[in-house]
1. List the number of the failed condition for Ala286; all other conditions in (1) surrounded by fewer than 23 Cβ atoms within 10 Å (Cβ to Cβ); (2) within 15 Å of the chain's Cα centre (by Cα); (3) under 21 Å from Val97 (Cα atoms) hold.
2. For segment 220-230, name all the residues that are buried (at least 24 other Cβ atoms within 10 Å of the Cβ) and either closer than 25 Å to Asp84 by Cα or touching a Pro at 6+ places or on another chain (Cβ under 8 Å) (or both).
3. Out of everything in segment 145-164 that is out of contact with any Phe, Trp or Tyr (no Cβ under 7 Å at 6 or more places or on another chain) and at pLDDT 95 or above, what residue ends up being surrounded by the most Cβ atoms within 10 Å (Cβ to Cβ)?
4. Got a sec? Which of Ala238, Ala198 is in a strand (DSSP E or B), surrounded by 18 or more Cβ atoms within 10 Å (Cβ to Cβ) and touching a residue at least 60 places away in the same chain (Cβ under 8 Å)?
5. When you go through (1) under 30 Å from Tyr220 (Cβ atoms); (2) out of contact with any Ser or Thr (no Cβ under 7 Å at 6 or more places or on another chain); (3) surrounded by 16 or more Cβ atoms within 10 Å (Cβ to Cβ); (4) modelled with pLDDT of 85 or more one by one for Pro65, which number turns out not to apply?
6. Quick one: count up the residues across segment 214-234 that are in contact with a strand residue (DSSP E or B) (Cβ under 7 Å, 6 or more places away or on another chain) and either more than 14 Å from Gly256 (Cα to Cα) or part of a loop (DSSP other than H, G, I, E, B) (or both).
7. Could you say which residue among Thr76, Thr170 is in contact with a Leu (Cβ under 8 Å, 6 or more places away or on another chain) and farther than 17 Å from Arg30 by Cα?
Amino acid sequence: MAQYNPYQVVRYDVSTSGDDPAAFWTGERRRSARPVPLLRGRKPEGRAGDEMRRQPAAPAASSQPVSNIAAFPYSTVGKLFFCDQNNEISEGTAWIVADSIIATVGHTVCYPYEGAQPYWFTEMLFIPQYDRGVGKFGSFQIKTYFTLQGWIDENGKDPTSDYDLALCRTTTPMPINSTGVLSLQSNVNLVQGTPVTAVGYPGGPQFNDQMYESQGQFLYDTDPDNSMYASNLLTGGASGGPWVVKNQLGQLIANGINSMGIDDGATWASPYFGEGIDNLWAAANAGEPDGE
């Protein structure tokens, strides 16, 4: 019997023979979309929890609208529209990591029902550089989801951010010569206090359908055995947006994602970018089945 591996990739091919999601997503439907519910959790146990408890509150973060969404790395980020397990019109965030691949969280692609097959969300559409109802480069239909077995096995109860990751392939290439790509980088162990910029589309009329950024910092040294935690003031709807940091070469990369809000209201958790993100990347780039 094969050993269980929560980092095994689960693939789902979306039927693209029906209605065009771009036609489904009228302006009225986009305006009525509700932000995907924010996963809520508590501060971690073990070493990470001890380090965070020694801090009376998360270091101050700031949050504001992105002033120029055409500037890198914001240029790679967009809004994700879909219908959830209750057929609710919903929205989240994703970003471009290759010409036909976007990154987001598992809870924007499927709902893991307890004791049953997961419900894969429908009518998914990605609009890069979305701003108050308009996307400069049009919209892109999703044809394949990739997420982790560990997320499927969450069974919709007591979720954690450990496996809340997904990549999606689009039916047509995106204009990366104009948007750029914000690369995923794995196994980057960052020290406590490292600056991080979280980007996404928080939901609610007060945010005016705009892209926001939250400037914060990592709350403890990251390692493969724990989710990552950072000060972050974004809200539901920003789920799936990137955590942008500088690597050792000074390049802007994604090394974290808006996954789960912690109960203090000023902290978010992200899966550690290691085996899970590497496996998803390999699967999404493994080529298409014959006939596609």
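The values are calculated or read from the model by the stated rules, or taken from the named source; none is laboratory data. As the structure is a prediction and not an experimental result, all values here were calculated from the model. Note that each Cβ is placed from the backbone with ideal geometry, even for glycine, and that neighbours are counted across all protein chains shown.
1. (2)
2. Quick first cut of segment 220-230, residues buried (at least 24 other Cβ atoms within 10 Å of the Cβ) only: 222, 228-230.
If the condition is that a residue be buried (at least 24 other Cβ atoms within 10 Å of the Cβ) and either closer than 25 Å to Asp84 by Cα or touching a Pro at 6+ places or on another chain (Cβ under 8 Å) (or both), then Met228, Tyr229 are the ones that fit.
3. Once the filter is applied, the top-ranked residue is Thr147.
4. Values: Ala238 fails: in a strand (DSSP E or B).
Checking each option against the conditions leaves just Ala198.
5. All conditions are met except number (3).
6. Restricting attention to segment 214-234, the residues satisfying the condition of being in contact with a strand residue (DSSP E or B) (Cβ under 7 Å, 6 or more places away or on another chain) are 214-220, 222, 227-234.
From what's left, either more than 14 Å from Gly256 (Cα to Cα) or part of a loop (DSSP other than H, G, I, E, B) (or both): 219-220, 222, 227, 232-234.
Summing the residues that are in contact with a strand residue (DSSP E or B) (Cβ under 7 Å, 6 or more places away or on another chain) and either more than 14 Å from Gly256 (Cα to Cα) or part of a loop (DSSP other than H, G, I, E, B) (or both) in segment 214-234 gives 7.
7. Values: Thr170 fails: in contact with a Leu (Cβ under 8 Å, 6 or more places away or on another chain).
Answer to the check: Thr76.
Here's the yes/no breakdown for (1) without any contact (Cβ under 8 Å) to a residue 40 or more places away in the chain; (2) part of a loop (DSSP other than H, G, I, E, B):
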| site | (1), (2) |
| --- | --- |
| Glu154 | no, yes |
| Ser178 | no, no |
| Val181 | no, yes |
| Asn189 | yes, yes |
| Gly203 | no, yes |
| Gln210 | no, yes |
